[in-house]
Structure formats: C-alpha cells, structure tokens
Amino acid sequence: MLDEIREKLGKEIEELVNELNVLLPGRIEKAVELGDLRENAEYKSALERQQFVQLRLGQLTQRLSELSKINVDAMPVDRVGFGSRVEIHDLAMDEVTHFTIVAGDFMDLDGGQVSMASPIGRGLLGARKGEEVTIELPVGERRFKVLNLVTLPQQMEVGKG
C-alpha cells in the first residue's frame, strides 16, 4: 500500500513539474504576446494555475516526506490503523462492508477506501477483530462489529513471502 501511494504521488508530482516548467511558461508567454496584461484573462488564469501547481507540489512533497517516516514495524498488528483492510457488519442495517483505511487525500469510496479522518475511519481506529464499536455518523449513532481485520504490518509480511 505504501508503495502504491508513493507511486501515485510521484506520478502526480511528475505531471505537475512538467506543467509548471513546460506548459505554463508557454501559456504565460502566449498571453503576454496578446498585449495589455491588466485586462488579460489568459495571463491571469495562467498565473493562478501556476500558483495552484506550486502549492500542490509543496503538499505532495510534504506527504512523501511524511510517508517516509511511517514505521510499519511500530504499528500494532491487531488493531485498525492506517492501511488496514477491514470487514465490518453494520448491526442496524445488517450489512457487511469491506474497505481499506487510507489517508484523507487518497480516499476512493468506489474503490473501497475510507479516510482515517472520516467518521467511520476515526471510529474504527484502534478497534480489534470481533470488537463492536459505536460511531457517530451524520445520520446518527451506529454500531458496527469488526468481522475481519488485516493490518498493514500483516499485509507487508504477506508480501515478503
């Protein structure tokens, strides 16, 4: 999972660096050729995009730095945490759901991912297999039972074999 995130970040960084160093200078140059910069929408748009790209690159670089500090060996092997694959039973709805706990900016509900910062993510953090947890959701309080749990350290161990 960590390698997938690093790869995704690296790809986005590469695309943004290309945009910042190749595409945007061309857009800015063309906009300057159009004349009066005070009322030049293309110029203003290119500068705004340039600022956005620079900020996003800073965020992604910081995220890569944070990922390099994750010590999988120090993570609990029996509790829900970052990277855990979880199967829960919604006791009120009698539904079973599977998902992976991810960082907020990598959430993909359709892909079976739930953010650690979401109500369900926060409510499940630290839970063990077989444990029932009560989580405050926007629709009210719900109870869930953790049916199955594969933590990131367990997944990494599987990958080593």
Next item on the list: At most 15 other Cβ atoms within 10 Å and a DSSP loop assignment: could you name the trypsin sites (Lys or Arg not before Pro) in segment 61-92 that fit?
Entry: 69
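Could you work out [θ]222 nm for the chain from helices alone, using -39500 (n - 2.57) per DSSP H run of at least four and dividing by all its residues? Round to the nearest 500 deg cm²/dmol.
Working: 5 runs with 70 residues, N = 161.
When only DSSP H runs of four or more count, the value is -14000 deg cm²/dmol.
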Checklist line | Footprinting exposure proxy for 44, 145 (fewest neighbouring C-beta atoms within 10 Å first) | finding: 44, 145
Margin query: If the only charges are +1 at each Lys and Arg Cβ and -1 at each Asp and Glu Cβ, what is the size of the charge dipole of segment 1-121 around the Cα centre, to the nearest 20 debye?
Written below: 460 debye
Next item on the list: Largest first and in whole Å, give the semi-axes of segment 1-157's equivalent ellipsoid, each being the square root of 5 times a Cα gyration tensor eigenvalue.
Entry: 43, 19, 11
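How large is the dipole of segment 1-55 about the Cα centre if only Lys and Arg carry +1 and Asp and Glu carry -1, each at its Cβ, rounded to the nearest 20 debye?
Working: 8 positive and 13 negative charges, 26 e Å.
About 120 debye.
Counting other Cβ atoms within 10 Å of each Cβ, which trypsin sites (Lys or Arg not before Pro) in segment 1-43 have at most 12 and sit in a DSSP loop? Please list the in-between numbers first.
Working: sites: 6, 8, 11, 27, 30, 38; in loops: none.
Answer by residue number: there is no such site.
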Item checked: Between segment 1-70 and segment 123-137, the Cα center-to-center distance that results, in Å -> 39 Å
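Just rank 65, 45, 115, fewest to most, by other beta-carbon atoms within 10 angstrom. Could the numbers behind the result be given before it?
Numbers: 65 9, 45 13, 115 18.
Lowest to highest Cβ neighbour count: 65, 45, 115.
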Item checked: Footprinting exposure proxy for 98, 89 (fewest neighbouring C-beta atoms within 10 Å first) -> 98, 89
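None of the figures in this text is laboratory data; all of them are computed from the coordinates on show. Because the structure is a prediction, the values reported are computed rather than measured. Note that we place each Cβ from the backbone using ideal geometry, even for glycine, and neighbour counts take in every protein chain shown.
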